Structures are given as structure tokens and as C-alpha cells.
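Readers should treat all values here as calculations from the given coordinates under stated rules, not as data from a laboratory. Every value quoted in this text rests on a predicted model; they were computed, and no experiment measured them. Note that each Cβ is placed from the backbone with ideal geometry, even for glycine, and that neighbours are counted across all protein chains shown.
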Ligand SMILES: [Zn+2]
């Protein structure tokens, strides 16, 4: 009976928690027909958008992104780039110098809601649509649009003729419905940074000169008509012929494509359910593209095993863009770099498939949950692809410390467009977000953390999780209270610094006094080495955690009493004399982002720094 009651209680709890994570999502279904003219770099398009308002709200307006409009002199992106202290070298003042045939634009020629024309206004990179008939809660609607666009000279991510000679990098190229979620509309103007979108199904037909090879999000529906590496049949095309490429992409929140007449196209299997496609030009670096392929395969295998299964049957690594940018089922990367650099950017962008494409955190608001978590996993995967004795997260920690010391740091709660400098944005998002996860594995224990990350992926896929959603997963998995960690690390720029303050005799024993110098509290692992070479692990939980971590490698330990965070000092006794102790180290695994590691060690050894020089982060 008692057992049955417990089972019933647990069952009840489980249904309550799953109800909490069941957040409503808007839904889109795009049908687009694109007619592309490669002589003028312009295209016309029709778009039928089936839009489901699954929210409990009545919507009187809707908003579309018109990203190409950012590539015009005087746009917000242009002005931002010319006024920010440390502009992106790829943008600088280049937008201000574009001529009328080099700018980007998306012009709306007509728009109908359920078959009736609606009022709309283009405001920079946003199309504001005022509806005659509102979208009632849980109703379906159709928007029919005719539009035309000019592909800008390549400046940032999208554009024509990138620096490696790829003709068209077609990212953020179509009018795209903004996301409306439990926090409201997210019609952010395009300033050059992150994206957020609605999941749905894309059916895209692109009509273009047959000499081009197209790489895209989605599965090609007519490979035997197209050829170009998609079909085993020998397909030839006449000079001047045009082809209609038909792609279908299910359950994605964006659609990218690229086109070049000189693409080589390889297909490599990860397993029976997943093919990797590679599109690259056959230049002097083509060998790197061949050699990189087994590394990409291994990356997907490691990620599937550690973080959860990649859900699509295809992923394309496409030469294009201006560095590396993630899209659903594909990435655009540049490749004129070292072999390791090429693998690293491919690994990084592929890993976004988990954090940005499937989980889909609002990258504009929480770039650290996407770029940071991707960087963390990238460090872990790269360490398996290129084994080395160096701690794979060392360089990330060094970059964080360097930003803190620069005085430019802003809290992770800052919107990605609103950071004062590009440096503060990129170190916060990529680096501090990565340290966030590695440090979390220290707080709750590696195995608990690994289970939590899988659970996060499984419970929050296709639901746009926010920081609190992740916190609740990790609290449930660890049994610890973790709000203090989120509040301090995400909400503030407080730093961590602990020190061994004093080691003194106490009768035949030793009294050790530790000091919290930084404002941010942490639980502590302390390892003591004795003269006979043996070691003893001590563990000091933080009182507000309301418990202790479980960690295989650190489970044989002496559990000390909790440290209440307001106390600047903490003392404990070792049942040995000071002469028996050769070394005391706080945080032996160096997962704490401790600002001053030297004072973590007793006796102080100022000439020997335990910090190794790591490699540069991509
Ligand atoms: Zn990234």
C-alpha cells in the first residue's frame, strides 16, 4: 500500500511538472516560389503562409522581418556599425558605401490576410501589418504575399560574391514572420546579431539558371531532374536551361540556401538515418574539405550520444557567408583557414543544431544559452577529435578573466543587440555562457550535469526554453537549489575569488582558514596532500544549495559543514599537524572561474602558475 501510494504521488508530481514545460507555440507553414535572375541579382517571390495562432491571445497586428533592408546606407545596422567603439571588421562603414545596385532590399508588392488586402508599413527591417480582422486565440490564417528582392553585395552573412568567390549566400532572404511567444512579440530590427523564429514546415521552389548548384535547408524533392550530386543518375543540362529546385524542410524555424556554379558536392553517411552534405569549391583547399568529413561525422556521433539525437536526416556544410553561421539543417562557413580551423568552425556550427535549431532559445535575449552552450560542447567535442593533455576549457576561462579585467563586462541579461561593445557581447555570449555550463558541472557534479543536459534537450525540444526552464531541470536532476547561481552569474557581473588565508597549528591538529574575496559565493572542493603522498578531498557545500553534489571522481571525500554565503571566512580542522601537510588546493579541477588562482594554493608558489596557455578560441 505504502509503495503504491508513493508511486501514485510520484505519478502525480510527474504530470504536474510536464504540464509546466508544455508551453504553447505558434506555427508556420511557408510555400514559396522564387524566380531568381543571376544577371541582376534580383528575384521575385510569392509566399503563402499558413499561420496558426496557438496562443491564448487575440492579435491585432503581425510583424515580418525584412532582413535585407539592413544593407542600405543609413540603416540601423549601418549606423550602429559606424558608431560602436569596436565595429565588426566585416561591416565597418561598408554599408554606407553601397550603390543602388549593390544594396539589399525586400519590397512587398501585395499582402492579403485570408484573401483580403491588409494595411502594412515597412519600417526599416520590419514589416508592420495592421489586421482588419484580428487573429483570435487558437485559429488558423493564411497570408498571401508577393515580393521582390535584391541580393546585397556580401557584407554580413547574406549576400553575393563572398570573399571566397561563392556567388550567392542566401540567409535571411525572405519576408519572415516574427516570433510571438509567452513574452509577446519579438520584432527586433536587424542590427547584425542573433535570430529567433517560429517552427514550421517550409516548401520552397527556386527557379534558376541550370548552371548553378544549390545547397539548402531541407530535402530536395526532385533529385533526378536536378542532378548536381543529388542523384546517382547522370543528369545533364543544356546551356541556358532553367531548373526549378524543390526543397521541403519539416519542423524548422528558418530556411537558408546558397548557390554557386563551381560547387563540388559530396555526401557522407553518419549512419542509416543521417547524411552529411558538403558543398565547396575545388580550389587549393579542397583537400581540407575532404579530410574534414570524417571529423564532422564523428562530431555528430559524439553529440548524438552526449546530448541527444539530431532529429533530421540531413545536414549540409556549405562554403559561403562570412565566417560561420548556423541555420536549420545547414551552415554557411568560410574555409580559407587552417585544417583545424575548418574542423573547429564546422563542429561549432553543427552543434548549433542542438541548442539553436531544436531547443531554439531566444538567441536575441539569451545568446549565452545558444552561443555559450555551443562553445562548451565544441570544446568537449574538439578535445575528443584532437586529444591533448591541455584542459579544453582553459582558453575560454582566460578570455572571461580578460574581459572582467578590461572593465567592459555587462551582465548576461543584456539583449544581444544592446551590449555597448562587440567584445562585451561576444565574450559574454560565447565565453561566459560556456563557463556557465562547465562551472555548473562543478556545482552539481559531472554525471548529474550530463543527465541534466540530456533531460533539458528531451523535455524542451521545440519549445524555446528560457534560463529558468534550464534551472528547474538541473534542480530536479540534482536535488539542489540553484537560483543563487543563476542570479549571480547571469544577472550580475560579480566575480569569484577564494583563497587559502591561513594554515596554523591547533594542538596536534591543523586549522585551515579560507577566505571569500570575490562577491560571488561558491561551494568548494579542497584537496589536501600529505607528506606521505596521500590525498584527502574536503567538500564545503554552500548553505543556500540545501544539499551536496554527487560526483563520482570526488565522492570519496570528507564532508564539512555548509558555508553561509555572507561569511567572508570559513575555518576547518585537519586531524594532522601542519608539518604533515605539503599542499592545499581549492578547486583542483579548475572548473571555478576563480579570478586569482595563485591564492587557491598553499603554500603560495608565486613563480609557478598552474594556468597553462590554452589555444585561441574560435
Ligand atoms: Zn555560434
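Here are the numbers for the structure shown:
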{"read-out": "Sites residue 107 and residue 163 - FRET efficiency at Förster radius 25 Å, r taken between beta-carbons, to 0.05", "value": "0.35"}
{"read-out": "Cα shape, segment 466-618, gyration tensor, a/c 1.5 rule", "value": "prolate"}
{"read-out": "Theoretical gain in end-to-end length, residue 455 to residue 242 [0.36 nm per residue, Cα-Cα removed]", "value": "71.9 nm"}
{"read-out": "Extension gain (nm, one decimal) between residue 54 and residue 23, 0.36 nm per residue minus Cα-Cα", "value": "10.1 nm"}
{"read-out": "Three-way shape label, segment 51-112, alpha-carbon gyration tensor, a/c 1.5", "value": "oblate"}
{"read-out": "Sites residue 476 and residue 298 - FRET efficiency at Förster radius 22 Å, r taken between beta-carbons, to 0.05", "value": "0.10"}
{"read-out": "Likely footprinting exposure, 345, 317, fewest C-beta neighbours within 10 Å first", "value": "345, 317"}
{"read-out": "Long-range tail of P(r) for segment 336-463 (Cα pairs > 24 Å, %)", "value": "29 percent"}
{"read-out": "Full-extension gain in nm, residue 232 to residue 462, via 0.36 nm per residue minus C-alpha separation", "value": "79.4 nm"}
{"read-out": "The chain pair-distance distribution - Cα-Cα, 20 Å bins, rounded %", "value": "18, 48, 27, 7, 0"}
{"read-out": "Angle between the chain longest axis and helix 394-406 axis [Cα atoms, degrees, rounded to 10]", "value": "90 degrees"}
{"read-out": "Near-label residues of segment 479-522 by backbone N, under 17 Å of a point 7 Å along Cα→Cβ of residue 569", "value": "498-507, 510-518"}
{"read-out": "Global form of segment 496-537, assessed from the alpha-carbon gyration tensor, a/c cut-off 1.5", "value": "oblate"}
{"read-out": "Cα long-axis angle, helix 467-478 against the chain (0 to 90 degrees, to the nearest 10)", "value": "40 degrees"}
{"read-out": "Quotient of C-alpha Rg and 2.2 N^0.38 Å, computed over segment 131-278", "value": "1.22"}
{"read-out": "Relative contact order for segment 453-567, counting Cα pairs under 8 Å that sit 6 or more residues apart, in percent", "value": "19 percent"}
{"read-out": "For the chain: relative contact order, % (alpha-carbon pairs under 8 angstrom, 6 or more apart)", "value": "10 percent"}
{"read-out": "Helix axis angle, 373-385 relative to the chain longest principal axis, alpha carbon, degrees", "value": "80 degrees"}
{"read-out": "Where labels lie 7 Å past Cα in the beta-carbon direction, separation of residue 506 and residue 543 in nm", "value": "1.8 nm"}
{"read-out": "Label point distance in nm, residue 340-residue 139, each placed 7 Å from Cα along Cα→Cβ", "value": "6.0 nm"}
{"read-out": "Residues in segment 502-537 that a label on residue 405 would reach, taking backbone N under 19 Å of a point 7 Å out along Cα→Cβ", "value": "517-519"}
{"read-out": "Peptides ranked, highest mean first, by Cβ atoms within 10 Å: ranges 47-53, 192-198", "value": "192-198, 47-53"}
